[in-house]
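Note sheet for the following structure.
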Ligand SMILES: *[C@@H]1O[C@H](CO)[C@@H](O)[C@H](O)[C@H]1NC(C)=O
Ligand SMILES: *[C@@H]1O[C@H](CO)[C@@H](O)[C@H](O)[C@H]1NC(C)=O
Ligand SMILES: *[C@@H]1O[C@H](CO)[C@@H](O)[C@H](O)[C@H]1NC(C)=O
């Protein structure tokens, strides 16, 4: 009993002789890259002589900061913390031994002890840092995008995160060819970052950026735009991405060929210039333009063809302009008696080209009235295989006559 008493008495002074060191009442929660102040203080200021303050990480015994002999002993502290741990030397006289930790990293999560030694007395407090779980998710669209040449498309990319746009960098690139399409950096789009192929054709939706929507508008789609695009997002040392495929350019049930005939009236002389777009069913798009001047009375070929030749057996090719039959090929020959009289001499079908999948029609003796919509329909074994639509537009504009 007496022995027990003795021990009891011997222990008490050590405890009562300790310092009461205070710290934050709850774990500190902070996002990556930010700074936190790890509080550590005593209620009454301590004498400065022999004062020692040690900040450590108990799990690894890492020395985060040491104040000894009247100064911060930076050479003994772990190198990683030399630049990131800031001790408020001027606060010591007030009994404040807090430490600021800058540029928080994931590894900084955990416990920190602040041990204060003063005149044979010591005490400590434990500070817990929890790194805020930083979300960085990039959402795109699940479906691939189909588009036709000349159209504008939107490639989706939106960011789900706590970060604000000024802390986010975005790279849009075409991954199958590793071409840079557009960048968003330092809180603004970088138009010059675009590969020449995309220059002037790509942009972000400015109004959507504050909502972290970095979708890309790709204007006037070209055949070579087909492929896989990646939106890669960087924030707070993290990165995430989404990809979207631009495919089947020109895919549509009917082939559409647009032919624009600009008929310029200049006094007595007529000029026709043509611009032709052709969208092909196989995802292969052919764009051709004829910006040449076509004289009235001259000829023009309205193209209609298939990349893969069809079986010529049972083949029927019908060229119509609205209800008018411009030309009909059936039972192995042109059925001239069925076509509209006006076209009998002017519409020329290339019978020898059928085997190559070419069903084009040459229209001779062009007139301004030829403007309109032409549809080329191919039937095989009594069903329609595909059709091509051609719109011939005419624009009359005055031109200076040079005589
Ligand atoms: C200790 O100093 C730090 C840094 O200046 C300050 O943020 C904190 O509030 C101070 N704590 C006390 C208890 O004075
Ligand atoms: C992003 O902006 C584009 C263009 O306005 C829009 O089509 C798309 O729906 C937006 N995405 C989200 C997730 O809001
Ligand atoms: C894109 O994200 C996936 C995970 O979602 C990752 O595996 C891949 O490495 C990322 N690609 C690039 C180029 O960053």
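A few comments on the model shown:
- Residues satisfying the stated conditions in region 50-81, i.e. farther than 26 Å from residue 121 by Cβ and surrounded by fewer than 13 Cβ atoms within 10 Å (Cβ to Cβ): 60, 75, 79
- Residue count for region 166-182, restricted to those that are crowded, with 19+ Cβ neighbours inside 10 Å and either within 23 Å of residue 246 (Cα to Cα) or not assigned by TED's automatic domain parsing to the domain that holds residue 217 (or both): 7.
- Considering residues of region 207-224 that are crowded, with 18+ Cβ neighbours inside 10 Å and farther than 13 Å from residue 154 by Cα only, the residue nearest to ligand 1 (Cβ to nearest atom): 212
- Residue 142 vs. criteria exposed (fewer than 13 other Cβ atoms within 10 Å of the Cβ) and either within 16 Å of ligand 1 (Cβ to nearest atom) or part of a loop (DSSP other than H, G, I, E, B) (or both): yes
- Within region 59-101, considering residues that are in a strand (DSSP E or B) and touching a residue at least 40 places away in the same chain (Cβ under 8 Å), the one nearest to ligand 3 (Cβ to nearest atom): 101
- Filter pass, residue 197 being away from ligand 2 (no atom under 16 Å from the Cβ) and either outside any helix (DSSP H, G or I) or surrounded by 14 or more Cβ atoms within 10 Å (Cβ to Cβ) (or both): yes
- Of all residues in region 183-194 being away from ligand 3 (no atom under 16 Å from the Cβ) and within 23 Å of residue 223 (Cα to Cα), the one that is surrounded by the fewest Cβ atoms within 10 Å (Cβ to Cβ): 192
- The set of residues in region 122-139 that are within 16 Å of ligand 3 (Cβ to nearest atom) and part of a strand (DSSP E or B) comprises 136, 137, 138, 139.
- Residues (surrounded by fewer than 17 Cβ atoms within 10 Å (Cβ to Cβ) and either in contact (Cβ under 8 Å) with a residue 60 or more places away in the chain or outside any strand (DSSP E or B) (or both)) located in region 323-345: 323, 331, 332, 335, 336, 337, 338, 340, 341, 342, 344, 345
- Close pairs (6 angstrom Cβ cut-off, 6 or more residues apart or separate chains): within 8 Å of residue 99 (Cα to Cα) in region 32-44, assigned to a loop (DSSP other than H, G, I, E, B) and away from ligand 3 (no atom under 16 Å from the Cβ) anywhere: 37/98; 39/23; 39/24; 39/98; 40/23; 40/97; 40/98
- Applying the criterion of being modelled with pLDDT of 85 or more and more than 12 Å from the chain's Cα centre (by Cα) to the residues of region 221-233, the residue that is nearest to ligand 2 (Cβ to nearest atom) is 221.
- The set of residues from region 336-367 being in contact with a strand residue (DSSP E or B) (Cβ under 7 Å, 6 or more places away or on another chain) and within 15 Å of residue 379 (Cα to Cα) comprises 354, 357, 358, 359, 360.
- Hits in region 145-165 (condition: away from ligand 2 (no atom under 11 Å from the Cβ) and surrounded by 13 or more Cβ atoms within 10 Å (Cβ to Cβ)): 145, 146, 147, 148, 149, 150, 151, 161, 162, 163, 165
The values are calculated or read from the model by the stated rules, or taken from the named source; none is laboratory data. Small disclaimer: the values here were computed from a predicted structure and weren't measured. When we count neighbours, we look across all protein chains shown, and the Cβ atoms used for this are built from the backbone with ideal geometry, even at glycine.
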